[in-house]
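Scroll down for the structure; my scribbles are underneath it.
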Amino acid sequence: QVQLVESGGGLVQAGGSLTLSCAASGRTSIKYAMGWFRQAPGKEREFVATISWGGLITRYHDSVKARFTISRDNAKNTVYLQMNSLKVEDTAVYYCAASVVAGASSESDYDYWGHGTQVTVSS
């Protein structure tokens with residue numbers, strides 16, 4: 001079992017920045033890829049970004065490319081999502097998740113999920 005806890009969400013004005021963190025505990029000896037997803041009110045959860053265990057493979061949803069950066073520190077069992085130039089449409093609950101599949105963008109490829117952190121971008 002792997003437990004994931006997100007933090008760093010909050011309220012920010014459009015154009016601002018936030019950095020989300022996701023701390024993993026439990027069975028962290030397995031080399032999981034990590035992903036971020038988000039769910040806006042009234043919408044389905046969608047893929048945001050993913051990073052392989054070694055950090056060599058990253059993928060992003062087109063809507064966040066060049067604005068968001070995913071990174072990880074395996075010594076701290078933590079993955080980050082740096083979000084810049086935030087837009088109102090980035091408002092959502094952000095979830096991190098763990099997968100044994102590098103580069104996965106489908107929810108079904110992820111085995112463990114956090115409870116999410118709210119990001120609200122005001123105009």
Segment 25-47, residues that are among the basic types (Lys, Arg) and surrounded by 14 or more Cβ atoms within 10 Å (Cβ to Cβ): ARG38, ARG45
Top-ranked residue in segment 58-77 [being closer than 23 Å to GLY26 by Cβ and either in contact with a Ser or Thr (Cβ under 9 Å, 6 or more places away or on another chain) or assigned to a loop (DSSP other than H, G, I, E, B) (or both); ranked as most open to solvent (accessible area, probe 1.4 Å)]: LYS76
Qualifying residue in segment 55-63 (condition: farther than 21 Å from ALA102 by Cβ and modelled with pLDDT of 95 or more): yes
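For every residue, the table says whether it meets (1) open to solvent by 60 Å² or more (accessible area, probe 1.4 Å); (2) touching a residue at least 24 places away in the same chain (Cβ under 8 Å); (3) in a strand (DSSP E or B).
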| site | (1), (2), (3) |
| --- | --- |
| ALA23 | no, yes, yes |
| TRP53 | yes, yes, no |
| VAL79 | no, yes, yes |
| CYS96 | no, yes, yes |
| GLY103 | no, yes, no |
| ASP111 | yes, yes, yes |
Close pairs from segment 33-44: first under 21 Å from GLY103 (Cβ atoms), partner charged (D, E, K, R) and open to solvent by less than 10 Å² (accessible area, probe 1.4 Å), Cβ under 8 Å, at least 6 apart: ARG38/ASP90
Qualifying positions in segment 81-92 - part of a helix (DSSP H, G or I) and surrounded by 14 or more Cβ atoms within 10 Å (Cβ to Cβ): ASP90
Positions within segment 1-20 being open to solvent by less than 30 Å² (accessible area, probe 1.4 Å), of a type outside the set (A, V, I, L, M, F, W, C) and touching a Gly at 6+ places or on another chain (Cβ under 9 Å), in sequence order: GLU6
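The values are calculated or read from the model by the stated rules, or taken from the named source; none is laboratory data. From a predicted model like this one, the values you see are computed outputs, not experimental measurements. When we count neighbours, we look across all protein chains shown, and the Cβ atoms used for this are built from the backbone with ideal geometry, even at glycine. With ligands, DNA and RNA removed, areas are computed over all heavy atoms of the protein, side chains included. Shrake-Rupley method; radii C 1.70, N 1.55, O 1.52, S 1.80 Å.
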